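Here's the structure, in structure tokens; my notes come after.
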Amino acid sequence: MNYNKKTVKDIDVAGKKVLLRCDFNVPQDKKGSGAITDDKRIRAALPTIQYLLDQGAAVIACSHLGKPVATFESYKKKQLEKGKDEASITEEAWQKSLKALRMEPVAARLSELLGKPVILADDVVGPDAQAKAAALKPGEIMLLQNTRFEKGETKNDPKTAKALADLAGADGVYVSDAFGAVHRAHASTAGVADYLPAVSGFLIQKELDFIGGALANPKRPLVAILGGSKVSTKIGVINNLLEIADTVIIGGGMAYTFAAAQGGQIGDSLLEADWEDYARDMVKKAADKGVKLLLPVDTVIADAFSPDANTQVVANGEIPAGWQGLDIGPKTIELYCQAVADAGTVIWNGPMGVFEFEKFAVGTKAMAEALSKTNAITIIGGGDSAAAVQQLGYADKMSHISTGGGASLEFMEGKELPGVACLLDK
């Protein structure tokens, strides 16, 4: 994939309407107030928005929020699949579910952060959005309703994409800045680029520079740390990184599938038996390519999946029945920290243990601390590892923390990202 894409700085937006795809899919209070509990994603969009406004563009921002169901029929089907009683599935309940995912709280927070009013449309591509977009003046910003209220959005329906593009008018521009959504070919992330010249915002440019740079031309040695619970979700990433990296480190729950694949005893630890052959293939591939593949040598085990379980440290592959591995052990921590100390570039995706439990966050903390002390370019690949680094207070010590979990994973797998592929090449 070509990572060298045009950005907002490569085009003239003065006096033009810009359709800007943001990632405002923010967590909200579950008690029904709709209050935003973390505005990180809104803040991440501010540099691009401010630049466009300063350049004299009229900004039409859009984003999805949560997983609204666009039609009552689809809503009913989903509720029945969840085992809900048909009598309780009403149009009123469906409308209530949609209301909870409207963009009012996002518009209010964005307005506070920008220090200027954000005009909110009552629909996505309907009469209200059309009227407000037509009246929008340079230096003003409006926000469309949740893009997923349009059933054509997730299907990348050309009519929906064209209707979105039409809001910006004949000389409009499309700016993509929602890295967390670029792995999806939706109308607002990819389809609109068929009708408007498409460039990246600063957020996507940064992701392409850091992750793209690490994959295409890394400062060596390149060390990849891969954790998390399942081999099945990371196999593509491991496979691709074995082509590029000098060292690949495996931790987290998926390490036990590797241990079992090599004949180890893993007790009640997490195991994906169907993926043992793949684990063996990866070990062989690393050996064939001369890549150092580091697996845990010891592990912290527990007699229950609980924050206050009894624990002990055992050699990897020697976990007794009734016990399960929940973190990497002290010898493994030492081994892994040595591997990153002299790295040129480190990519990290996935925690080393059950970091939500204090007792089993030791390995993840140690890796975060080791990365904070290295002189390497350090890239945290979104998701749980980003949450862990932030929670542990090391975020400001990292070169780059990706804003997209699924997108950064697919990026590291070497997959083409539809929302990036559609942008104009430099």
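Rule-based calculations on the coordinates, nothing more; no lab input. This structure is a prediction, so every number in the text was calculated from the model and none was measured. When we count neighbours, we look across all protein chains shown, and the Cβ atoms used for this are built from the backbone with ideal geometry, even at glycine.
Points to keep in mind about this one:
- Max mean-square fluctuation residue, GNM over the chain, Cα-Cα springs under 10 Å, options THR147, THR90, THR332: THR90
- Note on LYS77 and VAL313: the model spin-label points, each 7 Å out from Cα along the C-beta direction, lie 5.3 nm apart.
- Chain lengthening between PHE357 and ALA304 when straightened (0.36 nm per residue, less Cα-Cα): 17.9 nm
- Extension gain (nm, one decimal) between ASP274 and GLU112, 0.36 nm per residue minus Cα-Cα: 53.3 nm
- Think of each Lys and Arg Cβ as +1 and each Asp and Glu Cβ as -1; about the Cα centre, that makes the dipole of region 218-412 roughly 640 debye.
- Contact order, relative form, for region 225-295: 38 percent (alpha carbon pairs under 8 Å, 6 or more residues apart, mean separation divided by residue count).
- Put in order of Cβ neighbour count within 10 Å, fewest first, the listed residues MET367, MET398 become MET398, MET367.
- Distance violations [Cα-Cα > 31 Å] among LYS5/LYS82; LYS40/LYS373; LYS31/LYS77; LYS230/LYS373; LYS359/LYS415: LYS5/LYS82; LYS359/LYS415
- Two-site label geometry, ASN239 and LYS415: point separation in nm, points 7 Å out along Cα→Cβ: 1.1 nm
- For region 145-216, relative contact order (Cα pairs under 8 Å, six or more residues apart, normalised by length) works out to 33 percent.
- As a calculated quantity, the FRET efficiency between VAL297 and GLU104 at R0 = 35 Å, using C-beta atoms, amounts to about 0.10.
- Two-site FRET efficiency, ASP288 against LYS426, from Cβ-Cβ distance with R₀ of 41 Å, rounded to 0.05: 0.65
- Global geometry of region 376-426, whether rounded, prolate or oblate, following the gyration tensor of its Cα atoms and the 1.5 cut on a/c: prolate
- Matching label, volume of the Cα convex hull per residue in Å³ computed from the structure shown, candidates [x] 156; [y] 135; [z] 231: [x]
- Listed pairs LYS67/LYS99; LYS67/LYS234; LYS17/LYS137; LYS16/LYS132 exceeding 18 Å between Cα atoms: LYS67/LYS234
- Compared with the dominant Cα axis of the chain, that is its longest principal axis, helix 72-81 is turned about 20°.
- Amide proton proximity set for ASP298, modelled H, under 5 Å, gap of 5+: ASN316, GLY329, THR332
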